[in-house]
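Nothing in this text is a laboratory measurement; each read-out follows from the coordinates by a stated rule. Since the structure is predicted, the reported quantities are computational estimates derived from the model, not experimental observations. Cβ coordinates were reconstructed from backbone atoms using ideal geometry, including for glycine residues, and neighbour counts include every protein chain displayed.
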Amino acid sequence: MTLIRRLCLTSIGLFIYGSLAAAPPNVVFVISDDQGYGDLGCTGNPIIKTPHIDQLASESSGLSDYHVAPTCSPTRCSLLTGHWTNRTGVWHTIMGRSMLRENEVTVGQMFSDAGYETGMFGKWHLGDNYPYRPEDRGFTEVYRHGGGGIGQTPDVWDNAYFDGSYFHNGEIVPAKGFCTDVFFQQANAFISKCAEQGKPFFAYISTNAPHKPLHCPPKYLKMYEGQSDSIAAFYGMITNIDDNVGKTRRLVKDLGIADDTIFVFTTDNGTASGAKIYNAGMRAGKGSPYEGGHRVPFFLHWPSGGLNQQHDVNELTHAVDIVPTLLDLTGVKKPADVTFDGVSIADLLDPKKEIDWPKRFVISDSQRVRDPIKWRSSSVMTGKYRLVNRKELYDVSADPGQKNNIADQHPEIVAEMRAFYEQWWAELEPTFAQTTEIHLGHPQHPVVSLTAHDWIQKVYPPWHQGSIRAADRTHDGAEKLVHRGHWAVKVVRDGKYQISLRRWPAESGAAINASLPAGENVPGATAAFRSVPGNAIGATHGVLRIDSEDLDRKPVQEGAQEVTFVTDLKRGSYQLAPFFEISEGELGAYYVTVTSLD
């Protein structure tokens with residue numbers, strides 16, 4: 001068997017519209033954040049209320065042995081490209097390792113090239129600057145928050161889960177209501193417009209819920225009275241998603257396009273909060289190489305395609321299979337220069353077909369480090385076997401909780417699975433040095449906003465706005481605090497660039513040395529990031545550091561919101577690491593704006 005099964009689709013060209021051509025099916029793809037396999041009524045949860053997704057499951061082909069990455073960005077890159085997570089450059093959620101490499105082709109690009117309207121709503125988490133934003137990757141209608149969640153460092157300042165502001169096709173716009181409701185409302189408006197215009201569409205609805213912080217409308221909290229505050233909020237967020245799934249399905253039906261619409265629901269990793277209540281017998285949750293970290297639900301409903309009855313697929317499948325499958329179902333052409341790591345599972349989804357599914361191997365791993373480490377937090381899977389962290393072997397058909405390591409009893413199976421991983425790693429390892437660089441000076445993005453979320457460094461950067469507000473200045477035992485992070489940037493044209501250093505983001509209107517009061521909290525079980533008081537840093541100077549060289553230094557004027565430098569940059573790659581001088585030493589500028597002046 002070859003290392004990675006490759007899919008070769010028949011080249012069928014773009015869709016031909018006319019009286020004899022069947023209308024291409026629409027796609028509504030819903031993915032939630034941090035909701036695990038056991039966080040649904042239809043998978044056995046005795047407490048949670050998910051009647052609409054349960055109904056969808058009863059009318060769908062479902063994958064009961066479907067696997068993703070154990071965390072969010074790595075899953076999303078595979079799901080959108082059909083490539084192994086580590087091939088795409090996305091093996092973490094921060095530190096510049098959540099940006100989808102520019103050479104990757106997304107499902108949005110494939111469907112857009114085939115004549116579809118493409119919309120992305122909610123959580124992207126694959127890059128906030130050119131060329132990594134969804135609008136750079138084939139999505140023509142984009143309504144999203146920044147970073148990996150509302151209130152994270154790249155998001156609009158002081159955002160919380162209610163009445164936030166979001167990026168609509170690159171512009172910040174205010175909204176009213178709970179975030180999940182807002183994202184579905186925007187998606188539903190897009191779906192309605194496409195249906196009215198008779199255009200096929202691909203709607204990617206990606207919620208940040210039920211990711212922490214745990215906030216939801218009070219009426220959903222009340223549904224789970226008697227549970228802990230965290231479970232009430234976590235399950236309440238999921239029930240709110242469920243209500244929105246129901247509303248969207250009703251809309252599709254009312255528009256008269258339900259039969260010709262592929263409707264998918266899935267999640268991005270194992271449960272973050274629900275394992276203590278119900279985890280479908282699996283071990284562990286989000287971030288883990290054990291089954292509970294990466295086996296998630298997947299339901300696909302398509303009446304015109306004969307996929308409208310409950311049909312369980314218990315063969316081993318993976319997120320890398322989804323793009324080739326959607327192309328297969330819709331007839332959208334695969335780009336000639338793209339080779340998938342996954343395979344089409346369209347035949348498996350069809351309840352009328354008897355399929356002799358061949359033996360295969362797939363891998364889920366959780367790196368969550370700056371640079372990948374061999375065998376780190378890994379699960380090699382084939383059939384009923386799981387090889388965890390190179391040395392633990394489990395038969396999940398007999399031991400779904402992965403309690404009994406049987407590696408000593410089956411050395412030949414362990415050897416075969418190790419051999420697959422070794423070949424897989426050897427193929428991917430040369431790509432790890434290809435750092436994703438933020439482009440400066442590109443005409444499509446002349447003003448670039450950099451945030452500490454994407455600092456490349458050994459330790460976690462301040463990835464959410466609570467950390468920005470706290471401005472932690474503890475350090476590693478050195479006499480003075482030293483800024484050890486940098487942004488990897490690529491200057492795409494020679495010229496003059498204005499580099500502006502800020503302690504607070506531009507939309508805050510706050511001075512560098514200002515302190516900020518704690519912001520208002522919102523309903524839920526945990527505190528909003530903005531509820532942390534904003535500490536003053538006492539900066540005296542700003543310093544422009546590029547490639548470990550301090551090029552310029554300017555004083556911080558009283559009341560100044562930024563310290564600005566103008567410098568000539570030649571085309572090429574740089575490590576940009578400006579900072580503020582404070583009494584403790586160097587504090588990286590959390591926000592930097594780079595403007596092309598030519």
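Data overview
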item	result
Residues in segment 86-115 that a label on residue 337 would reach, taking backbone N under 11 Å of a point 7 Å out along Cα→Cβ	103-105
Cα-centre dipole for segment 297-405 with unit charges at Cβ (Lys and Arg positive, Asp and Glu negative), debye to 20	520 debye
Simple Cβ-charge dipole of segment 438-596, Lys/Arg +1 and Asp/Glu -1, about Cα centre, in debye nearest 20	340 debye
Summed side-chain charge close to residue 78 - residues other than residue 78 whose Cβ falls under 14 Å, Lys, Arg +1, Asp, Glu -1	-2
Lysines with Cα under 25 Å of residue 391, excluding same-chain neighbours fewer than 8 positions away	286, 359, 374, 403
19 Å Cα-Cα reach of residue 333 towards aspartates and glutamates, excluding residues that sit fewer than 8 places from it in its own chain	104, 113, 117, 260, 321, 341, 347
Centroid-to-centroid separation of segment 467-492 and segment 99-138 [C-alpha atoms, Å]	30 Å
Partner lysines for residue 490 [C-alpha distance under 23 Å; skip if fewer than 8 residues away on the same chain]	458, 570
Fewest-first ranking of 298, 184, using other Cβ atoms within 10 Å as the exposure measure	184, 298
Cα lying deepest toward the dipole's positive end in the chain, options 357, 379, 236, charges on Cβ	379
Neighbour-count ranking [beta-carbon atoms within 10 angstrom, fewest first] of 102, 354, 117	354, 102, 117
Linear extension gain, residue 568 paired with residue 549, 0.36 nm per residue minus alpha-carbon span	5.4 nm
Computed E for residue 419/residue 558 - FRET, C-beta separation, R0 56 angstrom, nearest 0.05	0.30
Selected from 72, 539, 331, residue furthest toward positive end of dipole (the chain; charges at beta carbon)	539
Residue order, fewest to most surrounding Cβ atoms within 10 angstrom, among 42, 194, 72	42, 194, 72
Amide proton proximity set for residue 534, modelled H, under 5 Å, gap of 5+	516, 518
The chain: relative contact order in percent, alpha carbon pairs under 8 Å with at least 6 residues between	19 percent
Separation of the residue 405 and residue 526 label points, Cα + 7 Å toward Cβ, nm	3.1 nm
Extension reserve of the residue 478-residue 376 stretch, reckoned as 0.36 nm per residue once the Cα distance is removed	33.8 nm
Too-long pairs where the Cα-Cα distance tops 21 Å, listed order kept, from 212/253; 193/253; 123/176; 49/222	212/253
Under the Karplus curve 6.51 cos²θ - 1.76 cosθ + 1.60, θ = phi - 60°, whole-Hz ³J(HN,Hα) for segment 96-106, x wherever Gly or Pro sits	x, 9, 10, 9, 6, 3, 5, 7, 6, 10, 8
Spin-label model distance (nm) - residue 228 vs residue 498, 7 Å beyond Cα toward Cβ	5.1 nm
Residue-averaged [θ]222 nm for the chain, counting only DSSP H segments that reach four residues, each worth -39500 (n - 2.57)	-6000 deg cm²/dmol
Label corresponding to volume of the Cα convex hull per residue in Å³ when calculated from the structure given, among [x] 294; [y] 271; [z] 159	[z]
